[in-house]
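One structure is given below, encoded as structure tokens.
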Amino acid sequence: MKYLVRSIALFVIILALVGCSEAAGEAEVSLEAVIDTVSRSTRSSDTEVSRNITPSTYKIALTYFALIRKDGAVIPIIDEDAPEVYDFSGRFTTPLLLGRKRIPVGEYTGYEMRFTYLEMDLECSFSVPSWSTDAGHLLVTSTHDASDSTILRHQSNTLRLYFNTDDKFHKRDMVVKYATDDGPEWAWMRRELENSDGSKAFFLNTVTPPVVGIIDLFSDDAFWGSADDYDNPDTKITIRSGSTTGGLDATMESFRISATSKIILTINVADSFNFWEDTDDLTYGNNAKLDFGPTYDEIPIGSGPVAFYGDKGFHPFMPSFSLVKIP
């Protein structure tokens, strides 16, 4: 009888040790991602003149992705100094591998990620008055008929939206790509035209970042931090699941990692670029089409009313992130 009791006790101890070993063990996880463009009610228009459109392509310059365990431990899967650009074009059903790593087993309840910029293609046009020095700019001439201001040829253009500082591009910058003889360039867009030393500029292409008067991303101190942090590259913007500031919708259902697993991150970009349509200007109010253009004063300055070219109030929403483990 004593022998049987000792045997049962030893068996229980062995089970306990195995259990402890499993809890302290590791398992390999593969992090993959797909794009979703199914419209969500949370992206509906705020008002009758507030419009939302869906990008046709989507890229993320990712630098960091980590899972958060129930006990609060943060386990990085991706952690790089330089961003890795992931192109999700056409990735609706075939996932794109982001990273693979062995991580501690346990229950995971959240995640956090950091990226330098989002890049997307949108149907849009660019307009300036005929006296602007940028009336002949490629972005204008390719989408705007200068001889007939009622004609706008909307076409796909590439925008970058910076959420963390990278060299001359600062967080909150929104820049547009255009072609030159030397290759593609990125330009900042001005909110208004100015008569400064006879120079009337709308699109900028400078080696140092403009600091005032440009179109930038949404104002939300709860998301970006104080204004003093906007140009500080050491202050990082990190997206954490459960957050709602900045148009965020980062969600996941908790899951347990106990063996080799696959985790799918679904990135929903439906209606994720929001803008305020200028319906008062019938020339440039184009049925919810995205039009870029500055405010301007008549020349000479003060001789006429202030007018506006294009839509205004550009507010790109964060895509919706959801994370699940594939059984």
* Asked: Filter segment 127-137 for residues that are out of contact with any helix residue (DSSP H, G or I) (no Cβ under 9 Å at 6 or more places or on another chain) and surrounded by 14 or more Cβ atoms within 10 Å (Cβ to Cβ); which is farthest from Tyr296 (Cα to Cα)?
  -> His137
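I need a count of the residues in segment 79-106 that are in a strand (DSSP E or B) and either of a type in the set (Phe, Trp, Tyr) or surrounded by 19 or more Cβ atoms within 10 Å (Cβ to Cβ) (or both). Can you show your working first?
In the first step, residues of segment 79-106 are kept if they are in a strand (DSSP E or B); the result is 79-87, 96-104, 106.
Then keep just the ones that are either of a type in the set (Phe, Trp, Tyr) or surrounded by 19 or more Cβ atoms within 10 Å (Cβ to Cβ) (or both); that gives 86, 98, 103, 106.
Total satisfying the criteria: 4.
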* Please list, ordered by first then second residue, the pairs with beta carbon atoms under 6 Å, 6 or more apart or interchain, first in segment 160-182 and over 22 Å from Cys124 (Cβ atoms), second at pLDDT below 85 and of a type in the set (Asp, Glu). => His170/Asp231
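Would you point out which residue out of Ser45, Ser125, Ser130 is of a type in the set (S, T, N, Q), part of a strand (DSSP E or B), over 20 Å from Ile237 (Cβ atoms) and modelled with pLDDT under 90?
Details: Ser45 fails: part of a strand (DSSP E or B); Ser130 fails: part of a strand (DSSP E or B).
Answer to the check: Ser125.
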* **Positions within segment 214-235 being of a type outside the set (Asp, Glu), surrounded by 13 or more Cβ atoms within 10 Å (Cβ to Cβ) and either more than 21 Å from Met189 (Cβ to Cβ) or at pLDDT 80 or above (or both), in sequence order** => Ile214, Ile215, Leu217, Phe218, Phe223, Trp224, Gly225, Asn232, Thr235
* How about segment 241-261: which of its residues are in a strand (DSSP E or B) and over 24 Å from the mean Cα position of the chain (by Cα)? -> Phe255, Arg256, Ile257, Ser261
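Tally the residues that are among the polar types (S, T, N, Q) and surrounded by fewer than 15 Cβ atoms within 10 Å (Cβ to Cβ), restricting the search to segment 238-265.
Of all residues in segment 238-265, those among the polar types (S, T, N, Q) come to 238, 241, 243-245, 251, 254, 258, 260-261.
Those still in the list that are surrounded by fewer than 15 Cβ atoms within 10 Å (Cβ to Cβ) too: 238, 244-245, 254, 258, 260.
Of the residues in segment 238-265, 6 are among the polar types (S, T, N, Q) and surrounded by fewer than 15 Cβ atoms within 10 Å (Cβ to Cβ).
The values are calculated or read from the model by the stated rules, or taken from the named source; none is laboratory data. It should be emphasised that the depicted structure is a prediction, and the values quoted were computed from it without experimental measurement. Note that each Cβ is placed from the backbone with ideal geometry, even for glycine, and that neighbours are counted across all protein chains shown.
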